[in-house]
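The values are calculated or read from the model by the stated rules, or taken from the named source; none is laboratory data. Note that this is a predicted model, so its numbers are computed, not measured. All Cβ positions, glycine included, derive from the backbone under ideal geometry; neighbour counts span all protein chains shown. Accessible surface areas use protein heavy atoms only, side chains included; no ligands, DNA or RNA. Shrake-Rupley method; radii C 1.70, N 1.55, O 1.52, S 1.80 Å.
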Amino acid sequence: VQLQASGGGLVQPGGSLRLSCAASGIVVSLNSMKWYRQAPGKQRELVAVSARDGNTDYTDSVKGRFTISRDKRKNTLYLQMNSLKPEDTAVYYCYTNRFGRDYWGQGTQVTVSS
């Protein structure tokens, strides 16, 4: 299983970014997929979940601003981030677990600053 995250960058407050996580060795639409983030000096935190049954969930601080989704054809997980705030600055990781083993993408840096 390999997860390749991309799409990060520098954006002004209020701006938008879309993160992508291209997967191989796993079918994204058939597995629970998650986005985490880790800000400097802080613990890694769960941001969004796309469950196997299609349900989604978000940490309170991003509800209404972020949307997690999956593209079956491209076998890719996305995180659409709108109305970005400086406190969203972090390295973002995609994640899945298969047969009890954790798989992480390499991380993509998101910086929200004017």
Q | Candidate set from the range 60-114 (those that are among the acidic types (Asp, Glu) and assigned to a strand (DSSP E or B)); member that is nearest to Ser20 (Cα to Cα) | A | Asp71
Q: Look through Asp53, Asp102 and report the one residue that is open to solvent by 40 Å² or more (accessible area, probe 1.4 Å), modelled with pLDDT under 95 and either touching a His at 6+ places or on another chain (Cβ under 8 Å) or acidic (Asp, Glu) (or both).
A: Asp53
Q. All but one of (1) modelled with pLDDT under 95; (2) crowded, with 21+ Cβ neighbours inside 10 Å hold for Cys94; which doesn't?
A. (1)
Q. Just for the range 32-44: of the residues that are open to solvent by 20 Å² or more (accessible area, probe 1.4 Å) and touching a strand residue (DSSP E or B) at 6+ places or on another chain (Cβ under 6 Å), which one is farthest from Asn75 (Cα to Cα)?
A. Ala39
Q: Sort out which residues of the range 56-73 are over 18 Å from Asn31 (Cβ atoms) and either loosely packed, with under 12 Cβ neighbours inside 10 Å or of a type in the set (Phe, Trp, Tyr) (or both), and write them in order of number.
A: Tyr58, Asp60, Lys63, Gly64, Phe66
Q: Within the range 3-16, track down each residue that is open to solvent by 30 Å² or more (accessible area, probe 1.4 Å) and either modelled with pLDDT under 95 or of a type in the set (A, V, I, L, M, F, W, C) (or both).
A: Leu10
Q.
Go through (1) open to solvent by 20 Å² or more (accessible area, probe 1.4 Å); (2) under 20 Å from Leu10 (Cα atoms); (3) β-branched (Val, Ile, Thr) for Val47 and report which single condition fails.
A. (1)
